[in-house]
Amino acid sequence: MNYESKFNGAGGTSGGIIEFFIGLGMAVAGAYLLTDQVTVTSGFWSFYGRSAFGLTLVPLIFGIGILFFNGKSIVGWLLLFVGIVIIFAGIITNLNIYFQPTSLFNTIVMLVLLAGGIGLVARAIVAHK
């Protein structure tokens, strides 16, 4: 049995498994440290000063109502999908993301770990000569 062809490197190529796991560890550590410095808050949905969350529920409610009447209705499925997309888009657009103050050294360490880890993972996936 040819074990050499059965156990290839990362991604089935001749790349290095050790490079892959070191890079993955670096990328995970860098991403964790970077996201640990971020604060995410949420605001309220407004449209010209008024709360607009109820308006985003209208297509969702109509879509659900139509689907209860006829589960094969294309219009009902379309309204349901549009309602869900509007709600998720509204949640994302109303997020306020702040990077907490940190030292330049810590920021460089976080970015080097993240970028270096992604680079090592990419290098491990590419075939080696």
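Where a number appears in this text, it was derived from the coordinates with a stated rule and is not lab data. All of these numbers come straight from a predicted model, not from anything done at the bench.
For region 41-99, the fraction of alpha-carbon pairs lying more than 15 Å apart is 54 percent, rounded to a whole number.
Quote to one decimal, in nm, the extra length available between Phe99 and Ile87 on full extension: 0.36 nm per residue of separation minus the C-alpha distance between them.
Details: separation 12, 0.36 × 12 = 4.32 nm, distance 2.54 nm.
Length gained, Phe99 through Ile87: 1.8 nm.
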